[in-house]
1. Applying the Karplus parametrisation 6.51 cos²θ - 1.76 cosθ + 1.60 with θ = phi - 60° to the phi angles of the range 383-399, what ³J(HN,Hα) value in whole Hz is obtained for each residue in order, glycine and proline being reported as x?
2. If you stretched the chain out fully between residue 496 and residue 163, how much longer would it get, using 0.36 nm times the residue separation minus the C-alpha to C-alpha distance?
3. Residue by residue through the range 232-244, what is 3J(HN,Hα) from phi via Karplus (6.51 cos²θ - 1.76 cosθ + 1.60, θ = phi - 60°)? Round to whole Hz and write x for glycine and proline.
4. How high is the relative contact order of the range 228-320, given as a whole-number percent (alpha carbon pairs under 8 Å, six or more residues apart)?
5. Just need the relative contact order of the range 91-177 here, percent rounded to a whole number, with Cα pairs under 8 Å and 6+ apart.
6. For residue 470, go through the lysines and keep the ones whose alpha-carbon is under 23 Å away, minus same-chain ones fewer than eight residues off.
7. If you place +1 on the Cβ of every Lys and Arg, -1 on the Cβ of every Asp and Glu, and leave all else neutral, what size is the dipole of the chain about its Cα centre, to the nearest 20 Debye?
8. May I ask you to sort 390, 196 by Cβ crowding, counting other Cβ atoms within 10 Å and putting the fewest first?
Amino acid sequence: MKRHIIYVCMLMAGLAAQPLQAQSDRSFEIAKNLEIFSSVYKQLNLNYVDDVDPGKAIKVAIDAMLASFDPYTNYFPESDIEDVKLQLMGEYGGVGAIITQRGDSVYISEPYKGLPADEAGLKAGDRIVAVNGESTQGKKVPDVSSAMRGQAGTTVTLRVEREGKEFERTLIRREIKLPNVPYSGFVGDNGDVGYIKLDEFTNDAAKNVREAFVRLKKERPTMRGVILDLRGNGGGLMNEAVDIVNIWVPRGTLVVETKGKVASKNIKSFTRLQPEDTEIPLAVLIDGSSASASEIVSGSLQDLDRAVVIGQRSYGKGLVQNMLPMPYNSQMKVTVSKYYIPSGRCIQAIDYSHRDENGRALKVPDSLKTAFKTKAGRTVYDGFGIEPDIEIEPEYMSNLAIALMQKLLIFDYATEFYRKHQEIPSPETFEITDEIYADFCRYLKEKNLTYNTVTERFIKDLREVAKQEKYDDAIEQQLKEMESRLATEKESDLQKHRDEVSDMLKAEILTRYYYDQGRLKGALKSDKVVLRAVEELGKTRN
């Protein structure tokens, strides 16, 4: 018996030692590889034929290492912290303008209303010639943007060119906080459906959405539903997502649970405030760019059977990141857990732990997708984002529209239009008239617009294949006839795609006069997803 007890004790001690041994082996591997890395860099620095930039070399090494995990785990040196603030908080020190590239020059594409660039009189279409006396010619947008940003309260001098004339403006940088709710109002034939557009889950997003909803409800006590538009919203702060759900569900409701390797990252997030309205019909709009916090909101409201989700399948980002402080004012964003919405499903669509022979991460296969149940017993699935309750086929841009955007012809025409017309009707009533559209068509004739259609590319490829197979002589005449007919058809493209081009023109022109809010207002009347949501909310009320 005594010998048996000794044996059991020895066995238990051996089992206890195994984790310690594994931990010791792991620590040795870490120390060994760090020493190897240090030696590699030391030898490069001593022997490489050219000078080695230590900051650049180490940043490349860190980025390469992190790329083997997932695209959301990133390292940010001190020089990039302003970009981090913009990404996470919607804040940065700058002048408040969007800039765009054209050839070797950088232009202002949109000044934000009421911010330094706007107050200084800078307009869309102005070419930025120099920043603080340094020429921008040949520089890219990130370089010019970096030069324009800086600590709030400091000055920056921009030299710009407009209609062939150059002038300077000295601007005082401010702490720029982009509005996460750029517009809220009413839609529908009777104007009795509320609409709230949320661009980002930055600080105070929930507060701003709540205030918008309360205001809409106060303005129209008979409001028959509300639309929360999360299309194009890539996410942000998880706590803001939980508090937004809280606007329409009772306090104490589970919204999301995070599960990770570190126990402290395993958190259940419940609503903590009194809701504003648990009865009003609610529709949430999503698309393929709705990710992360957008999926927490849309997915949890779907799981709780509190809202109808309309649009296209969401992106499928079920990973949670934390910002960790690093030496010398740098930071690292690390994926620390996955999130799970009320039904228990994780909506992560890509498995970064498994990759194909080319190193590409794999999507979760259909065979591994699991069925879950909503609060009311409806079946939903994990593994590929949020699937809408009502799917609306996405509309794809025509080749003509793509060419007009890429060549900035819509942008340029809107700039000329703005300079010729002092004012236009309100966003709710402004339309592209026959006169405006005819003027745009005349404008394009002067620009020698060229673009290739899919059919033209197909004919080109077919000619190459026919040449290889020695059929080119036999079918060349038919190919030329097809090209001739196609050329004739392309001449009518501006009329065939008039609705699409008119919508693009309308958006760009409205932005010149009424900024981003005007563009959003003007687009609502013809937005098919919004119109379907209005229709669906009418059914819910009845």
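1. x, 8, x, 9, 8, x, 5, 10, 8, 10, 4, x, 9, 9, 5, 6, 4
2. 116.6 nm
3. After applying 6.51 cos²θ - 1.76 cosθ + 1.60, I find x, 8, x, x, x, 7, 5, 5, 5, 4, 4, 5, 5 Hz.
4. Averaging sequence separation for qualifying contacts and normalising by length gives 35 percent for the range 228-320.
5. Computed value for the range 91-177: 34 percent relative contact order.
6. Filter leaves 460, 480.
7. Once rounded to the nearest 20, the dipole reads 1920 debye.
8. Least crowded to most crowded, the residues run 390, 196.
Coordinate-derived values only; no laboratory data. None of the values given here were measured: they were computed from a predicted structure. Here the Cβ is made from the backbone with ideal geometry for all residues, glycine too, and neighbour counts use every protein chain on show.
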